[in-house]
Amino acid sequence: MDAATDRAGPETPAEIDTQRRRLFCGLLASGSLLVAAPEARAVTVGDDAADIGTVWWSELVSGDVPKAMSFYAKVIGWETKTVALEDPAQPVKDGEPSYTLMLAKGNEVAGALAVDAEDPAKKAPMWLTYFQVDDVDAAVKRATALGGTVLISPFDVGKIARMAVIADREGIPVGLANPL
């Protein structure tokens, strides 16, 4: 139960979508599998065939996240919210890795994290966009058959989504997502 609202988890499509994205961001940013919170459940927001091929999430990989956030706040008008990397539902504690969410009119629209030279999908500053596909594994197979490479093999984010990161034939990274 959520003490602040006296109900058992997210109920509106926007709340469900926000929770799905927070869980996804925490997993992807940390590079480890995140176990979904007990109140997390499968969602239907953005799950139908009409959403195939659309942007599911965008993530900024930056060499200086605070400067980048200042830039985008001034250019686009986004507000930012910094959360704990391992549990984006929590505020970040001193010394703990963080993840920055970008908000438009209070809605989470993108995320940001620092460059990580050890992570093939985040080794240079860039925008990494995740597109919704009908079948992540099949899309990865098609990509490799067409000369693309796999940067992060397909994995599940709890009961939220199946994800992967590939690079096209020019080496440009792109994320693939299929809500479960």
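The values are calculated or read from the model by the stated rules, or taken from the named source; none is laboratory data. Everything numeric here is computed off the predicted structure, so don't read it as measured data. All Cβ positions, glycine included, derive from the backbone under ideal geometry; neighbour counts span all protein chains shown.
Search the stretch 121-141 for residues being part of a loop (DSSP other than H, G, I, E, B) and under 22 Å from Met102 (Cβ atoms), and hand back the single one that is modelled with the highest pLDDT.
Taking the stretch 121-141 first, the residues part of a loop (DSSP other than H, G, I, E, B) are 121-125, 133-135.
So of that shortlist, the ones also under 22 Å from Met102 (Cβ atoms) come out as 121-125.
Numbers: Ala121: 75, Lys122: 78, Lys123: 83, Ala124: 87, Pro125: 92.
Per the criteria, the residue is Pro125.
Give the residue that is surrounded by the most Cβ atoms within 10 Å (Cβ to Cβ), with candidates limited to residues of the stretch 61-87 that are under 23 Å from Ala124 (Cα atoms) and in contact with a Gly (Cβ under 7 Å, 6 or more places away or on another chain).
Applying the filter and picking the extreme gives Leu85.
Given (1) buried (at least 19 other Cβ atoms within 10 Å of the Cβ); (2) aliphatic (A, V, I, L, M); (3) under 26 Å from Trp78 (Cβ atoms), identify the lone condition not met by Val140.
Evaluating Val140 over (1) buried (at least 19 other Cβ atoms within 10 Å of the Cβ); (2) aliphatic (A, V, I, L, M); (3) under 26 Å from Trp78 (Cβ atoms) leaves (3) as the failure.
For the stretch 142-180, name all the residues that are without any contact (Cβ under 8 Å) to a residue 40 or more places away in the chain and part of a loop (DSSP other than H, G, I, E, B).
Leu146, Gly147, Gly148, Asp168, Arg169, Glu170, Gly171, Ile172
Quick one: count up the residues across the stretch 143-164 that are on the phi > 0 side of the Ramachandran plot and either at pLDDT below 95 or crowded, with 18+ Cβ neighbours inside 10 Å (or both).
Summing the residues that are on the phi > 0 side of the Ramachandran plot and either at pLDDT below 95 or crowded, with 18+ Cβ neighbours inside 10 Å (or both) in the stretch 143-164 gives 1.
Would you pick out the residues in the stretch 90-110 that are of a type in the set (A, V, I, L, M, F, W, C) and loosely packed, with under 13 Cβ neighbours inside 10 Å?
Ala104
Sort out which residues of the stretch 62-99 are in contact (Cβ under 8 Å) with a residue 40 or more places away in the chain and of a type in the set (Ser, Thr, Tyr), and write them in order of number.
The answer is Ser62, Tyr99.
For the stretch 131-141, give me each residue that is free of Cβ contacts under 8 Å to residues at least 40 places away in the same chain and among the β-branched types (Val, Ile, Thr).
Quick first cut of the stretch 131-141, residues free of Cβ contacts under 8 Å to residues at least 40 places away in the same chain only: 137-141.
Selection gives Val140 alone.
Here's the yes/no breakdown for (1) modelled with pLDDT under 90; (2) part of a strand (DSSP E or B):
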| residue | (1), (2) |
| --- | --- |
| Ala68 | no, no |
| Phe71 | no, no |
| Thr82 | no, yes |
| Pro88 | yes, no |
| Ala110 | no, yes |
